[in-house]
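Rule-based calculations on the coordinates, nothing more; no lab input. Note that the structure is a prediction, hence the values are computed from the model and not measured. Backbone-built Cβ (ideal geometry, glycine too); neighbour counts: all protein chains shown.
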Amino acid sequence: MNKWLIVFCFLGFQIAVNAQEEKPKNWTLNGYVKNLESGFFFNGAYPDLATLQLVDTFLQDNLLHNRLNFSWFPTSKLTLHAELRNRLFWGDQVRATPDYAKQIDEASNDVFNLSAILLDQNGFVFHSGLDRLYLEWLSGKWEVRLGRQRVNWGISSVWNPNDVFNAFSYTDFDYEERPGSDAVRVKYYTGFASSIEVAAKAFENFDEAVIAGLWRFNRWNYDFQLLGGYVKGDLALGGGWAGNLKNAGLKGEFTYFIPTEEENDPAFAATVGIDYSFANSLYINAGLLYNSDGATKGSAGDLFNFELSARNLYPYQYAVFLQGTYPFTPLLNGGLALIYSPVSAQALFLNPNFTLSIAQNWDLDLIGQIVFSKEEKYKSPVQAAFLRLKFSF
């Protein structure tokens, strides 16, 4: 995509921000600005390109991120959505990683290139891109979307085998909006809590195509869904549910992937989760994952370096998720999440976090990520700490 189009969108959105008091009633604009400081501690786990050995080191990186969400309503039935990410990266990993800017750019796009690298020099990378750009038409019981959008079919809180269009990783905490796809989606509401939906993702080669349908319905005070379609060389059949088990929430989903080529193996991914809020505002969440494409052996670092997809949501075959959060004060929330894999790797992921509301629309987050495994004799090879300041408007 021509970088000047990105610049034009960026400047246009910024002008709109300054003119919000006089904005017409047929469009809306919101977004945020946040700064993320990251520190990574490698204990004999960082590859030294000069010696080709693993060494101890500490890397520090920064990310300044601005997001603008724009919606225009030209008619009562038609809406244009455009959401722009502007990110400035700098730090040790930016300087140490060859083609860092290229990797960021490739990860930001689907079939169509809607992003541009506006700066790549002296350890600084400025990247701008549209991760949402779609038309939405609503009329009666019909809903049609065309363009880059999120086709969100997942139900569970942590892992989503039904999310065949836009799989995401739990460790990617700083991308709240989650990835989008260049797709067309048609939805028909058959009732108050039921619908039929068909979506197709754009592709250059048919083995990259995702074409699927989803049926949602409500029975016995539970929301159910069934899906089927073609997903990147596999025939996919799945389903999910969400409801209550007495006073606790109960969710689950599963998908079976049947390869269309004989040399490939089938895959099955399933998850179930339960969550509960106590009277004192303590919130707990627990879940299980079976991931047939996952490994039983490997290092803890595999958690950050595996090929993510709906048929492979985690590096290991089994995983147990536990989370607890608690509001210590009206302005301070804290929590701890862990993921344990009961396989021979015995991998463990710890994720402590704190959020402080420092002013209206201002939040400060402190987040940790620590990994262990039996292979490293439970000496954590990688620890990460993140400090994030966010202003929403």
Quiz item: What is the fewest-to-most order of LYS232, LYS251, LYS77, LYS377 by other Cβ atoms lying within 10 Å of their Cβ?
Solution: LYS377, LYS77, LYS232, LYS251
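Kindly put VAL144, VAL164 in sequence by how many other C-beta atoms sit within 10 Å of each C-beta, fewest to most. Write out the running numbers ahead of the final one.
Working: VAL144 17, VAL164 30.
The most exposed by this proxy come first: VAL144, VAL164.
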Quiz item: In whole Å, what three semi-axes, largest first, describe the equivalent ellipsoid of the stretch 212-346 built from its Cα gyration tensor (square root of 5 times each eigenvalue)?
Solution: 30, 23, 11
Quiz item: What does the charge count near GLU136 come to, summing +1 for each Lys or Arg and -1 for each Asp or Glu among other residues with Cβ under 11 Å from its Cβ?
Solution: +4
Practice problem: Run the numbers on the chain and let me know its relative contact order in percent, using alpha-carbon pairs under 8 Å that are six or more apart. | Solution: 12
Exercise. Pairs of Cα atoms under 8 Å, at least six residues apart: use those to get the relative contact order of the stretch 207-299, whole percent.
Key: 17
Self-check item: Loop-exposed GluC sites (Glu not before Pro) per DSSP, neighbour cap 13 Cβ within 10 angstrom, longest uninterrupted part of the chain
Solution: 1-175
Exercise. Add +1 for every Lys or Arg and -1 for every Asp or Glu among the other residues with Cβ under 13 Å from the Cβ of ALA209, and state the total.
Key: -4
Practice problem: Please work out whether the stretch 299-365 counts as rounded, prolate or oblate from its C-alpha gyration tensor, where a ≥ b ≥ c are the square roots of the eigenvalues and a/c under 1.5 means rounded, while otherwise a/b larger than b/c means prolate and anything else oblate? | Solution: prolate
Quiz item: Distance from the Cα centre of the stretch 244-262 to that of the stretch 165-227, in angstrom?
Solution: 14
Quiz item: With the Cα gyration tensor of the chain giving a ≥ b ≥ c as the square roots of its eigenvalues, does the rule (a/c under 1.5 for rounded; else a/b larger than b/c for prolate; else oblate) give rounded, prolate or oblate?
Solution: rounded
Quiz item: Of LYS297/LYS379; LYS141/LYS187; LYS25/LYS187; LYS232/LYS297, which ones are farther than 18 Å apart at the Cα?
Solution: LYS25/LYS187; LYS232/LYS297
Exercise. Any chance you could check the Cα centroid distance between the stretch 314-393 and the stretch 82-158 for me, in angstrom?
Key: 24
Quiz prompt | Calculated FRET value between LEU138 and LEU366, using beta carbons and R₀ = 51 Å, to 0.05 | solution = 0.80
Quiz item: Relative contact order of the stretch 96-191: what whole-number percent is it, with Cα pairs under 8 angstrom and at least 6 residues apart?
Solution: 24
Quiz item: Could you put LEU36, LEU332, LEU289, LEU118 in order, starting from the residue whose Cβ has the fewest other Cβ atoms within 10 Å?
Solution: LEU332, LEU118, LEU36, LEU289
